[in-house]
Amino acid sequence: MTVSEPRVQSQVGPLLREWRERRRLSQLELALQAGVSARHVSFLETGRAKPSRAMVLRLAEQLDVPMRDRNPLLLAAGYAPVYAETPLAEPVMSPVLDAVRQILHGHDPYPALVVDGDWNLVDTNASFALFTEGVSAELLEPPVNALRLVLHPDGMAPRIINHGVWRAKLLGRLRRRAAADIRLRPLYEELLEYPCEQDEPEVDVPGAGDICIPLQLRRGDLELSFFGTLATFGTPRDITVAELVIESFFPADAQTAEAVRAMGGHYLGRN
């Protein structure tokens, strides 16, 4: 008769398995990426072995676990959290905010913004006012949520020519985040109730010559078209910094570029 090995009192195993399955990796694939044996990964997930703090962080890195979700993994394994979440108002964050503002202001005369992990606006450049023309004053009261600003019927939505496509894109991005972050689920449920008269594609199938999804915006008699780029901090060690996202918009066609340049300092003079 054999004696079964005792299980280690740790709750981290199910969490590791959940993240591994979410990333669609087998135990062997994760083991190869992390430089350990598949047997060890199996033992960690079933509670037959307890990971060291370094192993928890190594597996979290290989599983691309967001920084906010790494502290719960450490706590489940019996270790203290290692990642701080510093408010942006703290003096230590001043260099971060200065860097963000340089990027935003350097992008004028084209719109740019930075959001936090809840999609709340942290800052914008002067030209972002192009996007908020006609938006309800209520939606511009702090904290301004960027997704609500875009999709609300009193926000940008009536001016977005390809509203259905952009709504599907943004809701899909939020749905994936909300699956892991319970704080975002009320926002997702709220936005889901907003009306949309256009078709919302379930699958993004590009047409001939398409290279990205433009934001097509109506401004008076003009139809402006922008594409966006996302930028994050490369080596964050703080949750707040890790979740900051800078989105910069560029003209997607010559007509938009000419129209925005023709506006000159219309918005720049406001800041």
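Read-outs throughout are calculated quantities, based only on the coordinates presented, and are distinct from any laboratory measurement. All figures in this text were calculated on a predicted structure; none of them were measured in a lab. Neighbour counts run over all protein chains shown; Cβ positions are idealised from the backbone, glycine included.
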> Taking Cα pairs under 8 Å and at least six residues apart, what relative contact order does the chain come out at, in percent?
Replying inline: 17
>> Using 0.36 nm times the number of residues separating Leu32 and Ser52, minus their current alpha carbon distance, what extension gain do you get?
In response: 5.4 nm
> For Ala254 and Arg219, what is the calculated FRET efficiency with R₀ set at 22 Å and r taken between the beta-carbons, to the nearest 0.05?
Replying inline: 0.85
>> As I understand it, the dipole of the range 118-271 uses +1 on the Cβ of Lys and Arg and -1 on the Cβ of Asp and Glu, about the Cα centre. Which of Ile213, Phe249, Gly134 lies farthest toward its positive end?
In response: Phe249
> For Thr232 and Gln11 in the same chain, what is the full-extension length gain: residue separation times 0.36 nm, less their Cα-Cα distance, in nm?
Replying inline: 76.4 nm
> Tell me, what are the semi-axes, in whole angstrom and largest first, of the equivalent ellipsoid of the chain as set by the roots of 5 times the Cα gyration tensor eigenvalues?
Replying inline: 43, 21, 17
>> Charges at C-beta only: +1 for Lys and Arg, -1 for Asp and Glu. How large is the resulting dipole of the chain about its Cα centre, in Debye rounded to 20?
In response: 1300
> What is the Å³ per residue value for the convex hull set by the Cα atoms of the range 12-76?
Replying inline: 69
> Amide H of Gln198: which non-local residues (sequence gap of 5 or more, or other chain) have their own amide H closer than 5 Å, using H built in the peptide plane?
Replying inline: Gly164
>> Run lengths n ≥ 4 of DSSP H only: what is the helix-derived mean residue ellipticity at 222 nm for the chain, with -39500 (n - 2.57) per run over all residues, to the nearest 500?
In response: -11500 deg cm²/dmol
>> Need one number: nm distance between label points at Ser94 and Asp154, each 7 Å from Cα along Cα→Cβ, rounded to one decimal.
In response: 3.9
> Loop-only check: which GluC sites (Glu not before Pro) in the range 149-236 are DSSP coil with at most 11 other Cβ within 10 angstrom?
Replying inline: Glu193, Glu197, Glu202
>> If I model a spin label as a point 7 Å beyond the Cα along the Cα-Cβ vector, how far apart are those points for Arg39 and Glu197 in nm?
In response: 6.6
